[in-house]
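Peer 1: After the structure tokens below, expect a handful of questions from me.
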Amino acid sequence: MSIADNLLRVRERIAAAAQRVGRNPHDVTLVAVTKTVDAAVILEAIAAGVTDIGENYVQDSLEKHNVIGDRIRWHMIGHLQRNKAGRAVRIFDLIQSVDSLSLAQEIGKRASSMGKVQEVLIEVNISGEESKTGVHPDEALELAGNSAQVAGVKVLGMMGIAPFTDDAAAVRRSFALLRNLWDALPDENRRWLSMGMTSDFEAAIEEGSNMVRVGTAIFGPRR
């Protein structure tokens, strides 16, 4: 199947999941995850209607940005090291992976020097796995509040990755945890609840996600 066909199927699944819980499918933003996907294929996806792409690595993103430019919205969804914050701020519209105040401060400093206010999400470790990045759930609201005070930074919500497990109830619990934290944010910081990937985006939407990050279902298995 073509990327356009895959995209249509994903959008149909998003719509069905939203409708099952009485939500408007248009309220859910699809971020096409393009890690390992080359620029030519991304351009094909854009032609098929993709408006947002998610990247994991700054250097790869810079190379793709040279080809694609700003015709779509760029999301940083991978772990961001402080020493790469300046380059990330140059191209990303939304950095979804802020997991420490020191990173928020570095992003703010770099953004302010460019005359930009960088939109960010607080990444929360909702899987309980030590190998995963993200702030501990107990510290997430404090980090969001402190980051929102940083000049050059605008906190617009939270992001999380559910555990990789066949236990559907455990996945749902992790999504519900993030939804509850997001609900506790001040109104001005509660725009995006980014949760759900190829394996679990329908459950995420049913639990309240309004931004899903889907790669494999659009582009096929990673190389």
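The values are calculated or read from the model by the stated rules, or taken from the named source; none is laboratory data. Because the structure is a prediction, the values reported are computed rather than measured. With ideal geometry, Cβ positions are generated from the backbone for all residues, glycine too; neighbour counts draw on all protein chains shown. What goes into the accessible areas is simple: the full protein's heavy atoms, side chains included, and nothing from ligands, DNA or RNA. Shrake-Rupley method; radii C 1.70, N 1.55, O 1.52, S 1.80 Å.
Peer 1: Take peptides 150-162, 31-43 and line them up by average Cβ neighbours within 10 Å, highest first, as a rough protection proxy. Don't jump to the answer; show the numbers that get you there.
Peer 2: Working: 150-162: 22.8, 31-43: 19.2.
Peptide ranking by packing, descending: 150-162, 31-43.
Peer 1: Once phi is turned into θ = phi - 60°, what whole-Hz ³J(HN,Hα) does the Karplus curve with 6.51, -1.76 and 1.60 give for every residue of segment 134-144, x standing for Gly and Pro?
Peer 2: After applying 6.51 cos²θ - 1.76 cosθ + 1.60, I find x, 6, 4, x, 5, 10, 5, 5, 5, 5, 4 Hz.
Peer 1: Which lysines have a Cα lying under 19 Å from the Cα of LYS109, excluding residues fewer than 8 positions away in the same chain?
Peer 2: LYS84, LYS154
Peer 1: With every protein chain kept in place and ligands, DNA and RNA left out, what is the accessible area per residue of the chain? Probe 1.4 Å, answer in Å².
Peer 2: Details: 10330 Å² over 223 residues.
Ligands and nucleic acids excluded, the result is 46 Å² per residue.
Peer 1: If the chain between MET1 and ARG87 were fully stretched, how many nm would it gain, using 0.36 nm times the residue separation less the Cα-Cα distance? Each step should come with its number before you reach the end.
Peer 2: On the way: separation 86, 0.36 × 86 = 30.96 nm, distance 3.55 nm.
Fully extending the segment from MET1 to ARG87 adds 27.4 nm.
Peer 1: Would you pull out the residues with amide H under 5 Å of VAL33's amide H, same chain only if 5 or more places away, H placed 1.01 Å from N?
Peer 2: Correct list: GLY54, VAL214, GLY215.
Peer 1: Roll a 1.4 angstrom probe over the protein heavy atoms and tell me the percent of accessible area of the chain that is carbon or sulfur. Can you show the working numbers first?
Peer 2: Details: 4810 of 10330 Å².
Ligands and nucleic acids excluded, carbon and sulfur give 47 percent.
Peer 1: Over the chain, what portion of Cα pair distances is larger than 28 Å, expressed as a whole percent?
Peer 2: 25 percent
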